[in-house]
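Accompanying notes for the structure given below.
The values are calculated or read from the model by the stated rules, or taken from the named source; none is laboratory data. Being a predicted model, the structure only gives us computed values, none of them experimental. Cβ: placed from backbone, ideal geometry, glycine included. Neighbour counts: every protein chain shown. Accessible surface is based on the protein model in full, side chains and every heavy atom, while ligands, DNA and RNA are left aside. Shrake-Rupley method; radii C 1.70, N 1.55, O 1.52, S 1.80 Å.
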Amino acid sequence: MTQDYLLLSFRLLGSLALLMYGMKTMSDALQKMAGPQLRHVLGAMTTNRFTGMLTGTLVTAAVQSSTATTVMTVSFVSAGLLTLAQAISVIMGANIGTTLTAWIMSAGFSFNITDFVYPVFFMAIILIYRKNHRVIGDFLFGIAFMFLGLGTLRQTGIDIHLGENEAVLAFFSSFDPNSFTTTLLFLLIGGVLTTCVQSSAAVMAITMILCSSGVLPIYQGIALVMGENIGTTVTSNIVALSAGTQARRAAFAHMFFNIFGVCWVLMVFRPFVDMVCSLVGYDVAMTKETAGQAAFLANAAKLSFVLAAFHTCFNLINTGILIWFIPQIERLVCHVIKQEKPDEEEDMRLQYISAGIMKTPEISVLQAQKEITLFGVRMQRMFGISCDLLAERNKEKFEKIFERIAKYEGISDNMELEIANYLEQVSDAHLSDETKWKIRLMLRQVSELESIGDSCYNLARTMKRRMQSNNDFTEKQYEQIHNMMKLTDESLTQMNHVIEGRREDQHIEETYRIEDNINELRDKLKADNIQAINDHEYDYSIGTMYIDLISECEKLGDYVVNVVQAKLGA
């Protein structure tokens, strides 16, 4: 008997693993098929709170992952494409969209679908080995695993005979179903379990098994579902601790949304649950003694639909209440989570991919691109500091600026390594050919951006050599160096404009035009420098340092062209 229960326990755990793996695979495949379109939808369809909520609902229902929707939304907030208020409305919609998962699971518990998944597995394997249809094969593979997990869960619940197990029945009957303390206890258990396993779907599946077998009363089951809603937000808040301010605010808004909902449901708990049960047609008052074993189990079989209906009603009503108070919620989260004061120097950490919340490769590419955009901005800032160094005459202030440039050079090395390592980890996943091509171009971009940082540092070192010598540039040399630096800064501005925009909306001609001007100026200044040395306007050593600065600026311009070419795939 002990061995039988052990095997059933392993079947239970294994089927939960199949369910979670199937949902993850299905979600990843859907995002591969529609990732760019979903990102554009999120960016375009959030003109007001209602379209934002609708967008969050549709996108989450499509990709079967509220986490993916939330992460995309947070990345847009961080990039300035969405306001925090718009993000809150999208997150509210994501809570509604994720209820579709509960309905899929309740359908899986209502009838045995295991026999139908094997043809789907067969079709999926064929499509996976056909390169052009690999993503569709992954999607079918995920669906098949998900329903196989659900079917195995259902059968395991039946085989365990929980409804006839006296020990299990005695354990749950020891809790007073009419006690508010019992409701709070099961709410806490649901939250803790979800936080531990980091999957509300898995806890929902366990709840459905316990309820549909007649072991767990519906009120305690609903309390577990409420706890799951809070537990899933605890996970996102823990992950967001190492992310930026806006990510933490969005995660906190998500938690506030669910905690508020749980609070008002607790105040009308019994009437609300009874209302949901009546909608589904479940008889709350029916007992095994009064109706008999068969009728009782038939009634209990509806409980999976009751749980799904409660989940949907809870999120619909909660959104209906809170959507009118989004400005107030925004002020609350901004008050609770203050904006971090930026360091006088640069923060060494990555801002978009350091939190590790990107679980989907296709969306991870978006996060990495945001980081590359920040990389480009930092390199232009580093060049600006190098320009400031040229005009500094005070040795003490000169050293401070030089140290700052050296720190930026370390930042550029660090960013290149971390972004490249991140992209390599992403590329290990099963990706579409287009995404693999994007990653190759992005790796080229970060390499060239790091070279820009090296050029800025070389400029600073040359200026330091000039400061340590007894010579100085002439007024004319200073003027020409400033002209070259102005052109170089113009090229960096154009580079960042290209990096920040969509590839199809950008052109490379302007970058080439600026690069031609830089090359022409360099050639002219080189020729003028030789003539000036021959005419003894200044000595050879200062002429060498002068032309080193001019050549380094021209070399930096070449790196800019390489970055733009990599961005545009030229």
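What to note about this one:
- Residue that is modelled with the highest pLDDT [pool: residues in segment 446-465 that are open to solvent by 20 Å² or more (accessible area, probe 1.4 Å) and more than 24 Å from A420 (Cα to Cα)]: R461
- The sole residue among L556, L568 that is of a type outside the set (G, A, S) and either buried (at least 21 other Cβ atoms within 10 Å of the Cβ) or modelled with pLDDT of 90 or more (or both) is L556.
- Tally, over segment 489-505, of residues that are closer than 21 Å to A406 by Cβ and open to solvent by 30 Å² or more (accessible area, probe 1.4 Å): 1
- Every residue from segment 423-468 that is under 25 Å from the mean Cα position of the chain (by Cα) and either of a type in the set (V, I, T) or assigned to a loop (DSSP other than H, G, I, E, B) (or both): V426, D428, A429, H430, L431, S432, T435, I439, V446
- Residue list for segment 466-488, filter: of a type in the set (D, E, K, R) and loosely packed, with under 15 Cβ neighbours inside 10 Å: D472, E475, K476, E479, K486
- Criterion (open to solvent by 10 Å² or more (accessible area, probe 1.4 Å), of a type outside the set (V, I, T), part of a helix (DSSP H, G or I) and modelled with pLDDT of 85 or more) met by exactly one of F325, F305: F325
- Counting only residues that are touching a helix residue (DSSP H, G or I) at 6+ places or on another chain (Cβ under 9 Å) and closer than 30 Å to D283 by Cβ, segment 302-338 holds 19 of them.
- Test result for N471, of a type in the set (S, T, N, Q) and either part of a helix (DSSP H, G or I) or farther than 30 Å from E537 by Cβ (or both): no
- Residues that are under 14 Å from S455 (Cβ atoms) and either touching a helix residue (DSSP H, G or I) at 6+ places or on another chain (Cβ under 6 Å) or at pLDDT below 90 (or both), drawn from segment 379-405: M379, Q380, M382, F383, I385, S386, C387, L389, I405
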